[in-house]
Amino acid sequence: MDELGTVLGVWAHPDDETYLMAGLAARAVRNGSRVVIVTATRGEAGSMDDERWPPETMGDLREQELIRCLAILGVSEHHWLGLPDIDMQTALPEEGYEKVRSLMAEIQPDTVMTFGPDGMTDHEAHKSVCEWSTRAFHEVGKPGARLYYATVTPEWGAEFLPLYEPFNVFLPGTPPITPPEELGIDYRLPPDILDIKMRAIDQHESQVGAMREAFGEDIFSRSMNAEWFRLAAVKA
């Protein structure tokens, strides 16, 4: 059994889980743990190229991308919250909270992974998911469970933020930077797990194709070869 126990990842869009916890998810599944992923929206507002990826088909496309991704990771439990994806400045409908709360009460995870209050990218939907996950954790979480917020290290920021800047992934003030000694999870992906993660990322072609082409395989892979979380709370 993996030391993370039953893992619940709560995210806003298809692909959030892949960038931030795909390696941890694949490792946990391999070690016999239950991994459940929750996705609030189908990411229908996420077209990077309206001609190649028409907005009216984005929801269906990204849904299929995520299904393929999770199959590669070995994650067989997934829940859609069915909420609308509008834009980076719009919070998600509050009805999502009760859905997250219900799932957390039912699953009783040992480990919850999500965004911090910064939303990782300052995306309002990410912040909604953080607030719901945190509130539900404190209300119905399992005693002894741990809540983790995604983060990056200063070294990662110094090397890769300049490369990501042209793609407007991170709004000003993000991502959150956490010194290594303050990390709750510091997972450097071994080659076999990194290979699984990169194959999972490849399924999100509508989101990562341009970045992979611009960065090149080696740089993009190095930007994805570690996953970091800070410990936000332990349920009493």
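Some observations on this one:
- Single unsatisfied condition, M120 versus (1) crowded, with 16+ Cβ neighbours inside 10 Å; (2) touching a Cys at 6+ places or on another chain (Cβ under 7 Å): (2)
Each row is one residue, and each column tells you yes or no for (1) of a type in the set (D, E); (2) open to solvent by 50 Å² or more (accessible area, probe 1.4 Å); (3) in a helix (DSSP H, G or I).
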site: V38; (1), (2), (3): no, no, no
site: R52; (1), (2), (3): no, yes, no
site: G59; (1), (2), (3): no, no, yes
site: R62; (1), (2), (3): no, no, yes
site: R68; (1), (2), (3): no, yes, yes
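- Test: residue in region 50-57 that is under 15 Å from the mean Cα position of the chain (by Cα) and either more than 24 Å from G23 (Cβ to Cβ) or at pLDDT 95 or above (or both): no
- Selection status of M21, among the hydrophobic types (A, V, I, L, M, F, W, C), in contact with a Gly (Cβ under 8 Å, 6 or more places away or on another chain) and within 20 Å of D122 (Cβ to Cβ): yes
- Selection count, region 74-98, where residues are touching a strand residue (DSSP E or B) at 6+ places or on another chain (Cβ under 7 Å) and either without any contact (Cβ under 8 Å) to a residue 24 or more places away in the chain or among the aliphatic types (A, V, I, L, M) (or both): 5
The values are calculated or read from the model by the stated rules, or taken from the named source; none is laboratory data. If you're wondering where the values come from, they're calculated on a predicted model, not measured in any experiment. Please note: Cβ atoms are built from the backbone with ideal geometry, for glycine as well, and neighbour counts cover all protein chains shown. The area values use the complete protein model at the heavy-atom level, side chains included, leaving out ligands, DNA and RNA. Shrake-Rupley method; radii C 1.70, N 1.55, O 1.52, S 1.80 Å.
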